[in-house]
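The values are calculated or read from the model by the stated rules, or taken from the named source; none is laboratory data. Bear in mind that the values here come from a model prediction, so they are computed numbers and not experimental data. No Cβ is skipped: glycine too gets one built from the backbone with ideal geometry, and neighbour counts run over all protein chains shown. Heads up: the accessible areas ignore ligands, DNA and RNA and are worked out on the full protein's heavy atoms, side chains in. Shrake-Rupley method; radii C 1.70, N 1.55, O 1.52, S 1.80 Å.
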Amino acid sequence: MKYYGLVDGTEASLKNFLKSLPGVDQVGAEARAAMLGTRSIKTSSKKKAIDLAISMVDLTTLEGADTAGKVTALASKAVRPDPTDPTVPSVGAICVYNDMVSIARKHLDLVGGSHVPVAAVCTAFPSGRATMPVKIQDTIDAMDAGAGEIDMVIDRGAFLSGHLMDVFEEIVKIREVCGEKVHLKVILETGELVTYDNVRKASFLAMLAGADFIKTSTGKVAPAATPPVVLVMLEAVRDFYELTNKRIGVKPAGGIRNTKDAIKQLVLVNETAGPEWLTPSLFRIGASALLNDLLMQRMKIRDGYYASPTYVTID
Amino acid sequence: MTTFDYAPALESRTIVTIDPQYGHFINGSFTKGSNHFASINPSDETVLSHVALGSAQDIDTAVDAARVAYESVWSKLSGKERGKYLYRIARILQERAREFAVLESLDNGKPIRESRDVDVPLAAAHFFYHAGWADKLDYAGMGNSPRPHGVAGQIIPWNFPILMLSWKIAPALAAGNTVVLKPAETTSLTALLFAQVCQQAELPAGVVNIVTGDGSTGAALVDHPGIDKIAFTGSTEVGKAIARAIAPTKKKATLELGGKAANIVFEDAPIDETVEGIVNGIFFNQGHVCCAGSRLLLQEDVADEVLSKLKVRVAKIRVGNPLDKNTDLGAINSSEQLLKIRELSKSGDDEGAERWSPPCTVPEKGFWFPPTIFTGITQAHRIAREEIFGPVLSVLTFRTPQEAIEKANNTPYGLSAGIWSEKGSRILWAAQQLKAGVIWANTFNKFDPASPFGGYKESGWGREGGRHGLTAYLKDAESNNE
């Protein structure tokens, strides 16, 4: 059913739906996230969590200075994060700018990584400030180049000025462009939405409009994937599943730099949305530096001591 | 589906040294004590140590020591000097925080996460807070140079042993009193460790005296003619007995007694945080909290949604070894308390309420009770009226805000209440109507040394904490002239 039968495509119904959502108490949400941050994940659980986290990483490079060389190196690393240990899983995807997609796709296929999708950031990433035809063409280009996943940004200006329908229609349009085969992640840029109430509203708006994933941030704005923001988004996908029987994924991105942070994210998933979400098809972590820390911690568990950082590849 | 089980993450207990036997702490040193009884770990029923049963003679010796210390040392020290000792104690509590937390969890059964993150830091905070008051008593609103009472007799419960000790001792010492404190029968060990802290801080002998024992020891303390002020936290029943005992005397008293707090959820509440607050309100410290939110009042139009989310959340509560850092709900403190919880829960079944607990396995040994929710409750049910002091929530509903207030106030208790609403005007209106000493809005079980705590009606007399609590340890201008 269109829009899951929860809204009918009119502005009034969208606004009514979003208005009906309960508020988020800031102090309470932050306290809950902080409490879950005290979970102590040790020994066998830690080992398992590290491999799970590796398989969920969207290994990312989104720099003006990106080159073919940088992207191919990233692609190799994505397929075999630790060349000395074949038991290390591949990452969830690699995430690049539009013009790097074909280079990434070709190199992944070349090095035996045809199972690793390429995610492209689209719709005038990171600001989202472009006309709709440009955003659509941006998306088409990425798909033509072989992107299996599209990470689009929402128009935060429209959201903050109350033009919710504009935001909704943009997502609906990009969803149409993506079709059913290409995975659509919708970036809310929670650092610009600021309040948890806005995060909850934007999460539901994106899900109703057809997102496969809701993603916290571009990585270009701080704060990014803070634990309370991710908590609110996980509550949203949990509640959306109750309403529609459909599971939407969550992707925190930005600021998750070490194993401890990554494991805290997994605990949030486990105790909020539930263990059903603990799979790369429903939870991803957008990161670059994180992967090497996960590899270092994995070596520590395997060998019993911390190796020199020179034992992990820089990219 | 991936499962993410948390491997045991046990806090090491090697940091604590427990002697096989303890005497009392009187006049700066430990006595041998007599009639020792076992103090057990409620999570596995192993014996941790043996503590002495304080006799009337022990109380007499302790009160004499406190009197001498008061007359000769403590009352002669300036506030600034007293403050130095309190700061020193506060810092030592912080330095030895891990030790106190582990010992508290062993002796009481509470999860290490709570003893580590709540009990011990708050205990230190109470000493810091009151240390700051010691040289500022002229500004406590009781006239120039308010005087202490003299010797305070203090009796504390087993639910927050080291925290209740600090609530009692810190203001008493800051105001210039000396104390004789009796910890609860089942939880003496952190008080005895605190006695070591007093030695470490080189607190003058006799300023703090700790006499362990049972109800008879407490009664001897209350009845002792050398006591000027009683501070008691515990059951309403014992509180009433104390009030009767001291009625013909000049003894002052503060009584911190039972409660049956209403936690009121309005239709516009922030639902997810409300669910957390309900869990925190009744399952924090196994529900062994006098201000626990044990009566949940749900507005009817959100009752189903809140209850279903609450059950999902309660099913995630991790019950088990108190020393596991991931444990949320620990052991019931004693077999006696477990029996009481069982008896009251059975009355819920017998009176037709519907009992729900999530599937959870509890350890075979020790005293355990699963998180439990009773629905289908009315004001007439015993479990809606009597304090259970366990992880048992009674759920009632209401239709209008007025009805919520009437139900909330329809209890002989009045210690605390909770309000959940996103509407500020409703929160302020409800807070004005509720007859409870502490009212939390969109939170629950939050404590701070600067905030006075205490009850209406049968929940007690006086306040502890803040300036209000401090005044309970000072003579007002009128008494000064006596």
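The figures follow:
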{"read-out": "Number of positions in the stretch A:102-143 that are on the phi > 0 side of the Ramachandran plot and either more than 21 Å from the chain's Cα centre (by Cα) or of a type in the set (A, V, I, L, M, F, W, C) (or both)", "value": "2"}
{"read-out": "Residue identified as crowded, with 19+ Cβ neighbours inside 10 Å, at the interface with another protein chain (Cβ under 9 Å from one of its Cβ atoms) and among the acidic types (Asp, Glu) among A:GLU276, A:GLU271", "value": "A:GLU271"}
{"read-out": "Candidate set: the stretch A:44-61, residues that are facing chain B (nearest Cβ under 10 Å) and in contact with a Leu (Cβ under 8 Å, 6 or more places away or on another chain); chosen: the one surrounded by the most Cβ atoms within 10 Å (Cβ to Cβ)", "value": "A:ALA49"}
{"read-out": "Top-ranked residue in the stretch A:272-289 [being in a helix (DSSP H, G or I) and touching a helix residue (DSSP H, G or I) at 6+ places or on another chain (Cβ under 6 Å); ranked as farthest from A:ALA53 (Cα to Cα)]", "value": "A:THR272"}
{"read-out": "Top-ranked residue of the stretch A:2-43 - restricted to ones that are facing another protein chain (nearest Cβ under 7 Å) and outside any loop (DSSP other than H, G, I, E, B), ranked as surrounded by the most Cβ atoms within 10 Å (Cβ to Cβ)", "value": "A:ARG32"}
{"read-out": "Filtered residues of the stretch B:413-432 (kept if buried (at least 19 other Cβ atoms within 10 Å of the Cβ), over 23 Å from the mean Cα position of the chain (by Cα) and either closer than 23 Å to B:GLY462 by Cα or more than 14 Å from every other protein chain (Cβ to nearest Cβ) (or both))", "value": "B:ALA430"}
{"read-out": "Failed criterion for A:LYS215 (all others in (1) buried (at least 24 other Cβ atoms within 10 Å of the Cβ); (2) at positive phi hold)", "value": "(2)"}
{"read-out": "All positions within the stretch B:86-128 that are within 14 Å of chain A (Cβ to nearest Cβ), open to solvent by 10 Å² or more (accessible area, probe 1.4 Å) and among the aliphatic types (A, V, I, L, M)", "value": "B:VAL118"}
{"read-out": "Selected residue [more than 14 Å from chain B (Cβ to nearest Cβ), in contact with a Pro (Cβ under 6 Å, 6 or more places away or on another chain) and in contact (Cβ under 8 Å) with a residue 40 or more places away in the chain] from A:LYS215, A:LYS220, A:LYS246", "value": "A:LYS220"}
{"read-out": "Flag if B:ALA331 is farther than 30 Å from B:ARG426 by Cα, away from chain A (no Cβ under 11 Å), open to solvent by less than 10 Å² (accessible area, probe 1.4 Å) and in contact (Cβ under 8 Å) with a residue 60 or more places away in the chain", "value": "yes"}
{"read-out": "Pick from the stretch B:1-30, criterion polar (S, T, N, Q) and within 9 Å of chain A (Cβ to nearest Cβ), ranking: farthest from the chain's Cα centre (by Cα)", "value": "B:THR2"}
{"read-out": "Residues (open to solvent by less than 50 Å² (accessible area, probe 1.4 Å) and polar (S, T, N, Q)) located in the stretch A:64-101", "value": "A:THR72, A:SER76, A:SER90, A:ASN98"}
{"read-out": "Single residue of the stretch B:334-371 satisfying the filter (β-branched (Val, Ile, Thr) and closer than 26 Å to A:VAL267 by Cα) that is surrounded by the most Cβ atoms within 10 Å (Cβ to Cβ)", "value": "B:VAL362"}
{"read-out": "Residue, nearest to B:ALA243 (Cα to Cα), within the stretch B:465-477, restricted to residues that are in contact (Cβ under 8 Å) with a residue 40 or more places away in the chain and open to solvent by 10 Å² or more (accessible area, probe 1.4 Å)", "value": "B:ALA472"}
{"read-out": "Scan of the stretch B:233-282 for residues that are buried (at least 19 other Cβ atoms within 10 Å of the Cβ), more than 14 Å from chain A (Cβ to nearest Cβ) and polar (S, T, N, Q), ordered by number", "value": "B:THR233, B:THR236, B:THR254"}
{"read-out": "Selection count, the stretch B:402-412, where residues are under 22 Å from the mean Cα position of the chain (by Cα) and either without any contact (Cβ under 8 Å) to a residue 40 or more places away in the chain or in the same structural domain as B:ALA131 (by TED's automatic domain parsing) (or both)", "value": "0"}
{"read-out": "Verdict on A:SER45 being within 30 Å of B:VAL118 (Cβ to Cβ) and not charged (D, E, K, R)", "value": "yes"}
{"read-out": "Selection count, the stretch B:3-30, where residues are at pLDDT below 95 and surrounded by fewer than 16 Cβ atoms within 10 Å (Cβ to Cβ)", "value": "2"}
{"read-out": "Some residue of the stretch B:440-458 being assigned to a helix (DSSP H, G or I) and on the phi < 0 side of the Ramachandran plot", "value": "yes"}
{"read-out": "Any hit, the stretch B:98-113, residues being farther than 23 Å from B:VAL51 by Cβ and in a helix (DSSP H, G or I)", "value": "yes"}
{"read-out": "Positions within the stretch B:169-185 being buried (at least 24 other Cβ atoms within 10 Å of the Cβ) and not small (Gly, Ala, Ser), in sequence order", "value": "B:ILE169, B:PRO171, B:LEU173, B:ASN177, B:THR178, B:VAL179, B:VAL180, B:LEU181, B:LYS182, B:PRO183"}
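Conditions (1) of a type in the set (Ser, Thr, Tyr); (2) in a strand (DSSP E or B); (3) touching a residue at least 40 places away in the same chain (Cβ under 8 Å); (4) closer than 20 Å to B:THR61 by Cβ, marked per residue:
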position	(1), (2), (3), (4)
B:ALA152	no, yes, yes, yes
B:ALA172	no, no, yes, yes
B:LEU181	no, yes, no, yes
B:THR187	yes, no, yes, no
